[in-house]
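The values are calculated or read from the model by the stated rules, or taken from the named source; none is laboratory data. Bear in mind the structure is a predicted one, so any value in this text is a computation, not a measurement. Ideal geometry is used to build each Cβ from the backbone, glycine not excepted, and the neighbour counts take in all protein chains shown. The area values use the complete protein model at the heavy-atom level, side chains included, leaving out ligands, DNA and RNA. Shrake-Rupley method; radii C 1.70, N 1.55, O 1.52, S 1.80 Å.
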Amino acid sequence: MVIPYVNIHTHKGKECTDNVRSILNQFPSEWMNKKPVGWFSVGIHPWYINSGDQASEELVNMEKAFSQKGCIAAGEAGLDKITRTDWELQKEIFIQQVKLSESYHKPMIIHCVKAYSELLGLRKELKAENVWIFHGFNSSLEMAGQIIGHGCMLSFGEQLLKEGSKAETVLQKTGVEHWFLETDDSDISIETVYSKAALITGKKEDEIKSLIQDNFNRVFQPDLPL
Ligand SMILES: [Zn+2]
């Protein structure tokens, strides 16, 4: 049997095929309008929080989505020190999402910009147990170690294609059991990301596919295993 590629985080509407299984990212109201087929994650991205009222409405939509079959993850959600969204509001809405994802047992896709210590601090404070996947990871090996030490995972995407990126170093030095691969909002294919990961780690692409498949089946509870 051919092992499918897993794309852990994408904003592009490609549905799952026999060869590629994707988790399509959805903002809650976007999900309400589209109701995509296949696997998806639903969450409130810090960039798109306009007010407490709007976010509260989105939290209600999010909970509706959580009871749907294809919804296998929460997110992307997180904290961003560069965006204009009010910091306290970001934190408040993130905490609500963590609580929701814990009660529905959904792993979370995490958006993090210059807020690693705050996020890991919140994870500890809230005693969150679901796996958090820090997506688009492109930080230091030390930070990767801290994230893993908190029971979280990493996901790498187009940064791997940039020669000499931090992502490249971390990928090379971190066991496959700790990471996933993704395309996020880029136009590159997931096949390209896998073949670059194979090149960097010196492993066969099929081995990476099989190890990531194991990660997937361990972390998520899809109705249909890969
Ligand atoms: Zn994204």
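Checking each residue in region 110-127 for being charged (D, E, K, R) and over 17 Å from the mean Cα position of the chain (by Cα) picks out GLU118, LYS124, GLU125, LYS127. Could you identify the single residue in GLU168, GLU207 that is at pLDDT 95 or above and within 24 Å of VAL2 (Cα to Cα)? Residue meeting the stated conditions: GLU207. For region 153-194, the tally of residues that are on the phi > 0 side of the Ramachandran plot and open to solvent by less than 40 Å² (accessible area, probe 1.4 Å) stands at 1. Considering every residue within region 49-68, establish whether at least one is under 23 Å from LYS12 (Cα atoms), in a loop (DSSP other than H, G, I, E, B) and touching a Lys or Arg at 6+ places or on another chain (Cβ under 9 Å). Within region 49-68, one or more residues are under 23 Å from LYS12 (Cα atoms), in a loop (DSSP other than H, G, I, E, B) and touching a Lys or Arg at 6+ places or on another chain (Cβ under 9 Å).
Please go through region 132-152 and pick out each residue that is buried (at least 23 other Cβ atoms within 10 Å of the Cβ) and farther than 18 Å from SER186 by Cα. Result: TRP132, ILE133, ALA144, ILE147.
Kindly provide the set of residues from region 129-148 that are over 16 Å from the mean Cα position of the chain (by Cα) and among the hydrophobic types (A, V, I, L, M, F, W, C), ordered by number. Result: LEU141, MET143.
Is it the case that GLU129 is out of contact with any Gly (no Cβ under 7 Å at 6 or more places or on another chain), modelled with pLDDT under 95 and among the charged types (D, E, K, R)? No; evaluated as a whole, the condition is false for this residue. Just one of (1) within 18 Å of HIS9 (Cβ to Cβ); (2) open to solvent by 10 Å² or more (accessible area, probe 1.4 Å); (3) among the polar types (S, T, N, Q); (4) modelled with pLDDT of 95 or more trips up ASN217, so point out which. With respect to (1) within 18 Å of HIS9 (Cβ to Cβ); (2) open to solvent by 10 Å² or more (accessible area, probe 1.4 Å); (3) among the polar types (S, T, N, Q); (4) modelled with pLDDT of 95 or more, ASN217 is out only on (4).
Scanning region 73-125 for residues that are in a helix (DSSP H, G or I), open to solvent by 10 Å² or more (accessible area, probe 1.4 Å), farther than 18 Å from ASP53 by Cα and among the polar types (S, T, N, Q) turns up SER103, SER117. Looking only at residues in region 1-48 that are part of a loop (DSSP other than H, G, I, E, B) and polar (S, T, N, Q), which one is modelled with the lowest pLDDT? The selected residue is THR17.
In the set (1) among the acidic types (Asp, Glu); (2) more than 16 Å from the ligand (Cβ to nearest atom); (3) within 29 Å of ASP206 (Cα to Cα), the condition left unmet by ASP53 is number (3).
Restricting the search to strands (runs of 3 or more DSSP E) fully inside region 132-217 and requiring at least 2 residues that are without any contact (Cβ under 8 Å) to a residue 60 or more places away in the chain gives 132-134, 153-156. Taking the listed residues VAL42, VAL37, the one that is open to solvent by 30 Å² or more (accessible area, probe 1.4 Å), more than 23 Å from LEU211 (Cβ to Cβ) and in contact (Cβ under 8 Å) with a residue 12 or more places away in the chain is VAL37, with no other qualifying.
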